[in-house]
Amino acid sequence: MGRTLRLGSDIGGTFTDLVLASDDGRTFEIGKVLTTPDAPDDAVVVGAGQVMAAAGVTGDAVAHVIHGTTLFTNALIERKGARTALITTRGFRDALEIAREHRYDMYDLRMKRPVPLAPRHLRLEVDERVLVDGTVLKPLDEASVHALIPQLKAEGVEAIGITLLHSYVNDAHERRVAEIIAAALPGVAITVSSDLVPEIREYDRTSTTLANVYVKRIAERYLGRLQDRLVKEQGIEGALYVMQSNGGVSRIEEATRYPVRLVESGPAAGALAAAYYGALTGHLDLLSFDMGGTTAKACIIDKGEPLIAPEFEVAREYQFKKGSGLPVKVSVIEMIEIGTGGGSIARVDGLRRLQVGPQSAGAKPGPVAYGQGGTEPTVTDADLALGYLDPGFFLGGRMSLDVGGAKRAIAAKVGEPLGLDATAAAWGIHQLANEAMASAARIHAIERGKDAARFPIFAFGGAGPVHAYGVARILRSSRVIYPLGAGVMSAIGMLTAPLAFDFVKTFPGSLDAMDWAGAMRVIDGMESEGRSIIAKSVAAEDIRFQRFADMRYRKQGYDVRVPIPAGRLDTQSGAEIKARFEEVFERLYGHVIPNTPIDILSWRVIALGPKPELTLPTIKAARGGAKEALKGHRAVYIPGERAFREVPVYDRYRLSAGAELQGPAIVEERESTVVINGPGTIRTDEWSNLVVDIPKT
Amino acid sequence: MEQPGGGYPEDLTQSAICQDNSQDNEPLTVPMPIDQITLDILWSRLIATVNEQAAALIRTSFTAIVRDSGDLAAAVFDRRGRMVAQSVTGTPGHINPMATGMVHFLERFPIDTLRPGDVLITNDPWMTASQINDLTIATPVFKDGRAIALFANCCHALDIGGRGLAADSRSVYEEGLYLPLLKLVDAGKPVEPIFDIIRANVRTPEEVIGDIHSQIIANEVGAEQLLSFLDEFGLPDIEGLADEIIDRTEAAMRAAIRDIPNGDYRSEMTIDGFDDTPILIKCCVRIRGDDLEVDYAGSSGQVPLGVNVALNYTQGYTTYGIKCAISPEVPNNAGSFRPVRITAPEGSILNAVHPAAVGGRHLVGHFCPSTVMMALADALPEKVQAPGFDGIWNSQLEGELGGDGHKRFAYIWFSAGGTGAMHGKDGLSAVAYPSGIAGFPAEVIEASSPIIMHKRELRQDSGGPGQWRGGLSQVMEYSITTGKPVYLQSFYERTKYPAPGLKGGSPGVAGRLSANQEKQPIPKITSQIEPGAVVRIELPGGGGFGPAGERDPAAVLADVRGGYVSKEAAERDYGVVIDTARWVVDEAATRARRPAGA
């Protein structure tokens, strides 16, 4: 065959995106089909057929399919998973409900706590007790396990999470409970906490374990069916891989064991795309900015890699409030998400302040301009009223927009209460959305010891290119990069993801008195397990390992993840690991703490396959410059002049490499519109990216 | 003499600027050089600025509790010392007292005497957060040589010398190093003697001095952002913006107060106190048009123990309770304090005078929000919450480790009981209101101390019965593994006087401390725990709301099914009979018990 074709597919709320690409760059087909919520695999199978037909290939040419979906996230949010029970140590079934005891919202007396995935009458207890050092205070009373079986059967339990105290140091009791239960209840899904998340803190561990088992059967059924259908209906025999929230992919065997690791797959793949384009265009530090219909996400790409966090939350009660969701301790590409998107509703509050979001008109009814019954003005309505969107070319002309309706709603709901005309009100909505996103991005950067102004912005998502220039000006960022295909970045990002598998093991000790032989046994164990998993798909010599230690100053609440050296670790390694810890700590917190002992809590290994090659198609340079891409002119609002002005509108697909434009200008593609409503130099590079340099004001 | 309550000494506010502050109560449209949308943008930018200030402080703090739970406050003030915007972090005890504290700095150091590079500090409990561990640091911002604003933040120091936070200190002199209003950095030059004195007086100088530097840097981050956005919008200062923000906020707060019928609304709350002497918190909320006054006259007098409250802390928690009930969406700034006046007689427990010991002021101050909401229950039945456990439970253990007998350990943790119910909503179980402080996982407690937890579960039937049930508390059982006696200091409240219900709801169950040993431990008194003894703490539940007889039988069924309420209590308290074989309400038996209901 010579060349390898791979297919990326990402299921989003409205569209399922597909990208079929060859490693030599000769094939690069993008497809977009409407998502089919009741049977999400339908859209994938149909879309796969479409892109293969467009590329003139058949299923046997496709080596891999990489897939990402929000199915599991939705099941957790909508509480549509299995009927789930918890088995835990006697006396501790309420750890899940006592949770952290804090308030995530200070003033709202009607604040709600997330409802546990296992109701209290299905949180069952067994007699056993392991202590913090792994010793057994009370052996497992197996009779107490058997005693639960009739109840589990009678209640029709479909999934069981097993979390016993301190199982992260000694998992023997958890394993034995799982054996007994599995033998007695063969059809029931089981997740053992020490398998998935062998880390201290019983609430977080239990929450993660239950979230996993809650969606396990859904994952098995869905991924199995998808794989079957790709083979039968499209002739794709190549392996199916699933995108994980940590930025790697896994085989479906592992993915169905740990489906909770798939939860943030779409956003993670978007961040990977940012890292890929950054490396391609020579921007190793980037601020990835993804604005869609309901939310905006920002993620820092640092030295070519997205930052990784050890945990996140799903199914937040308050959509964007930290602490209001179910904690999930799995590695995830770190990003900030706020409730500002094209569908965000603008309103005037009791203090006559203009507020944008987080309430969203969603896809249905959507913005007023969609003409599907929406009555509340949204960010998209404002963008339309300001001339930033072409009512006849939305989604490449698939949908026509009602400008008059949008303007009337803005005038009535925002303009009148504030004594403003429709244009001033629309500008207010647009700009306040920009302010909210810039502020979130800046705080996200500060929290990580970074200065957002130093980062070029990588803009994608349906609304990202409309707003990125405005956000950049607020952040005083001097450059924005707009990739071609703003709407399919996650599907493209999936094609850059390596196979990856995460391991973590708690083996605590003080850095200056570490049992290095013991630590090496733990690390070797994880690496050999990782090797055996990854070697099923790639050659042994291509397997890489990354090692980390979770470290902290003694008595500090926070631990930080520190990259540690490969090879054999021993007493001599202590000084280097300490130096690396101090480097990480100082970057995060601005200082080190002298004369304080340092502890290691857990060891982590990531086993990785090679990064796949992805070659983007290039375009030719042409002498004509931008003239032939000029579609016409239209009046758009220029904030610097506080007036509408006729500006040139370009067809993105006809811009040749090296073409240079000056802002203000509009550049249209099918899925989005690049809006430069002020000064700036716009260059097209050989991969069709627009690189916009904003002059210092 | 009573101190002026609730906000800013009017003379200072008005002397600083000659403007008409008459309240015409209509939404104000002060002529501004900026348009409506620009105002909204500037306002959101100002809030972003203080959030960045807080993020910088959290990021660089040496203290785990600051980083973990955001236990701090950060804000920007105008030239007149009025708080204009505040970060969304912290506890009510930090946030509100700092807001009202800036005027004291400016009385001592008038704004136009300050120079670029100056940094001010204090921990005066009567001017800021009512505890000398809470250090407030303020920094003026200059533009074209003129002071245009101040940034300040307040943060809990890991140590401040003295006895630490013992509730049985007799005066503030025992509680640690007292820093009056001082210039810590003078025109860019650190005043080294102050640093030396702090360093020499605290147990953890690295961390304490490190945090002070973090506090200084955080203010600089805020100042930098402020100056750059003033430049962007061509503004000389924030005075016009501050007027607009504060006036609008005040108008919104006044509108919320106007919705409450005029009247005097009274309540009383009795809590355990010390040595068999309960503490009475008595309040009268007076509504007159759009003015709200809370008067704590009749409350107990100050005590020779460390649980006295400085008035600014009383005001902080009271304002917080009012805001939760009537205006949770109104921003917190000088405007939201203006229409509210809070007083307590001088020398009372809620307005203790120097040198009263105040280190444990939360043991009393945490009950202010519930007392005020009880008073407002008739006026705002759908907005207030019944009292809950209120005062955070703080367990401190100290003793010898095993082995050679010379090494000792000390361990502290916090726990939450149940919150009160309100119209349309059951109370929350094991959630800290009003403090919001997080608890500790059992595994972390065991990893950090010689404690074994034997049980940690919700306490059945502890939530006060009502149409909406009070939140459940929790039960913990633990023992110590050292084989030596240890000493327990238990800052536990509501062990004698439970959380009352509201509008016909019943009280929650009182808390309890016990151990399986001969001499029983006693809350708030240092008690010896014998080797091997199992200590059991049962926290107080939240009060119920509305008559229990009107609770939806389906809700009672769900409570019994989950074991939150026992079958017996369902029959006794709610008159609802549950068939536990089929998990349905026994309609006939229930009808017989609840003639009027169901």
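The values are calculated or read from the model by the stated rules, or taken from the named source; none is laboratory data. What you are looking at is a predicted structure, and each value in this text was computed from that prediction instead of being measured. All Cβ positions, glycine included, derive from the backbone under ideal geometry; neighbour counts span all protein chains shown.
Just one of the listed residues (B:GLU206, B:GLU224, B:GLU220) is free of Cβ contacts under 8 Å to residues at least 60 places away in the same chain and not in a loop (DSSP other than H, G, I, E, B), namely B:GLU224. Only residues that are assigned to a strand (DSSP E or B) and either among the charged types (D, E, K, R) or under 20 Å from B:THR481 (Cβ atoms) (or both) were counted in region B:416-429, giving 1. In region B:430-457, the qualifying residues are those that are assigned to a helix (DSSP H, G or I) and surrounded by 20 or more Cβ atoms within 10 Å (Cβ to Cβ), and the one that is farthest from the other protein chains (Cβ to nearest Cβ) is B:ILE445.
Does A:ALA309 satisfy the criteria of being free of Cβ contacts under 8 Å to residues at least 40 places away in the same chain and either farther than 23 Å from A:VAL675 by Cβ or buried (at least 21 other Cβ atoms within 10 Å of the Cβ) (or both)? When the stated conditions are applied, A:ALA309 passes them.
The set of residues from region B:285-318 being closer than 30 Å to B:ARG170 by Cβ, at pLDDT 95 or above and of a type in the set (Val, Ile, Thr) comprises B:VAL294, B:VAL309, B:THR314, B:THR318. Right, A:ALA441: assigned to a helix (DSSP H, G or I), more than 14 Å from chain B (Cβ to nearest Cβ) and either in contact with a Gly (Cβ under 6 Å, 6 or more places away or on another chain) or buried (at least 24 other Cβ atoms within 10 Å of the Cβ) (or both) or not? Answer is no for this residue. Residue count for region A:603-662, restricted to those that are over 23 Å from A:VAL466 (Cβ atoms) and charged (D, E, K, R): 7. Considered as a group, the residues in region B:338-362 that are touching a strand residue (DSSP E or B) at 6+ places or on another chain (Cβ under 8 Å) and farther than 19 Å from B:PRO125 by Cα include one that is farthest from the other protein chains (Cβ to nearest Cβ), and that residue is B:ARG341. Looking at A:PHE394, is it free of Cβ contacts under 8 Å to residues at least 60 places away in the same chain and closer than 28 Å to A:SER688 by Cα? Taking the combined requirement at face value, the residue satisfies it. One residue stands out among those in region A:60-101 that are modelled with pLDDT of 95 or more and in a helix (DSSP H, G or I): the one that is farthest from the other protein chains (Cβ to nearest Cβ), which is A:LEU96.
For (1) touching a residue at least 12 places away in the same chain (Cβ under 8 Å); (2) out of contact with any strand residue (DSSP E or B) (no Cβ under 7 Å at 6 or more places or on another chain); (3) assigned to a loop (DSSP other than H, G, I, E, B), each residue gets a yes or a no:
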site: A:LEU223; (1), (2), (3): yes, no, no
site: A:ARG229; (1), (2), (3): yes, yes, no
site: A:LYS232; (1), (2), (3): no, yes, no
site: A:VAL242; (1), (2), (3): yes, no, no
site: A:SER250; (1), (2), (3): yes, no, no
site: A:ALA255; (1), (2), (3): yes, no, no
site: A:ARG261; (1), (2), (3): yes, yes, no
site: A:GLY266; (1), (2), (3): yes, no, no
site: A:GLY270; (1), (2), (3): yes, no, no
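Picking from B:GLY391, B:GLY402, which residue would you name as being surrounded by 24 or more Cβ atoms within 10 Å (Cβ to Cβ) and touching a residue at least 60 places away in the same chain (Cβ under 8 Å)? That would be B:GLY391, the only listed residue that is surrounded by 24 or more Cβ atoms within 10 Å (Cβ to Cβ) and touching a residue at least 60 places away in the same chain (Cβ under 8 Å). Among the conditions (1) surrounded by fewer than 21 Cβ atoms within 10 Å (Cβ to Cβ); (2) at the interface with chain A (Cβ under 8 Å from one of its Cβ atoms), the only one that B:PRO110 does not satisfy is (2). Would you pick out the residues in region A:612-637 that are touching a strand residue (DSSP E or B) at 6+ places or on another chain (Cβ under 8 Å) and either surrounded by 18 or more Cβ atoms within 10 Å (Cβ to Cβ) or basic (Lys, Arg) (or both)? Within region A:612-637, A:PRO612, A:LEU614, A:LEU616, A:ILE619, A:LYS620, A:ALA626, A:ALA629, A:LYS631, A:ARG634, A:VAL636, A:TYR637 meet the criteria.
Taking the numbered list (1) surrounded by 18 or more Cβ atoms within 10 Å (Cβ to Cβ); (2) more than 18 Å from A:LEU124 (Cα to Cα); (3) outside the structural domain of A:ASP60 (by TED's automatic domain parsing) in turn, A:GLY187 passes all entries but (1). Checking each residue in region B:120-175 for being among the aromatic types (Phe, Trp, Tyr), surrounded by fewer than 24 Cβ atoms within 10 Å (Cβ to Cβ) and more than 28 Å from B:PRO304 (Cα to Cα) picks out only B:PHE142. Considering region A:1-54, the qualifying strands (runs of 3 or more DSSP E), each wholly inside and each with 2 or more residues that are out of contact with any Phe, Trp or Tyr (no Cβ under 8 Å at 6 or more places or on another chain), within 15 Å of A:LEU614 (Cα to Cα) and in contact (Cβ under 8 Å) with a residue 60 or more places away in the chain, run over A:5-11, A:28-34. If you check B:ALA129, B:ALA149, B:ALA157 for being under 21 Å from B:GLY335 (Cβ atoms) and of a type outside the set (Lys, Arg), only one passes: B:ALA149. Condition check: assigned to a helix (DSSP H, G or I), small (Gly, Ala, Ser), at the interface with chain B (Cβ under 9 Å from one of its Cβ atoms) and closer than 22 Å to A:GLY278 by Cβ. Does A:ALA424 satisfy that? For A:ALA424, the condition - assigned to a helix (DSSP H, G or I), small (Gly, Ala, Ser), at the interface with chain B (Cβ under 9 Å from one of its Cβ atoms) and closer than 22 Å to A:GLY278 by Cβ - is not met.
Taking the numbered list (1) under 28 Å from A:GLY428 (Cβ atoms); (2) within 14 Å of chain B (Cβ to nearest Cβ); (3) assigned to a loop (DSSP other than H, G, I, E, B) in turn, A:GLY357 passes all entries but (3). Residues of region A:25-32 include none that is modelled with pLDDT of 95 or more and crowded, with 18+ Cβ neighbours inside 10 Å. Scanning region A:525-554 for residues that are of a type outside the set (Ser, Thr, Tyr) and surrounded by fewer than 14 Cβ atoms within 10 Å (Cβ to Cβ) yields A:LYS536, A:ALA539, A:ALA540, A:GLU541, A:ARG554.
Residues that are under 18 Å from A:ALA95 (Cα atoms) and at the interface with another protein chain (Cβ under 7 Å from one of its Cβ atoms) within region B:417-429 comprise B:LEU428, B:SER429, listed in sequence order. All conditions in (1) crowded, with 20+ Cβ neighbours inside 10 Å; (2) at pLDDT 95 or above; (3) part of a strand (DSSP E or B) hold for A:ALA219, with the sole exception of (3).
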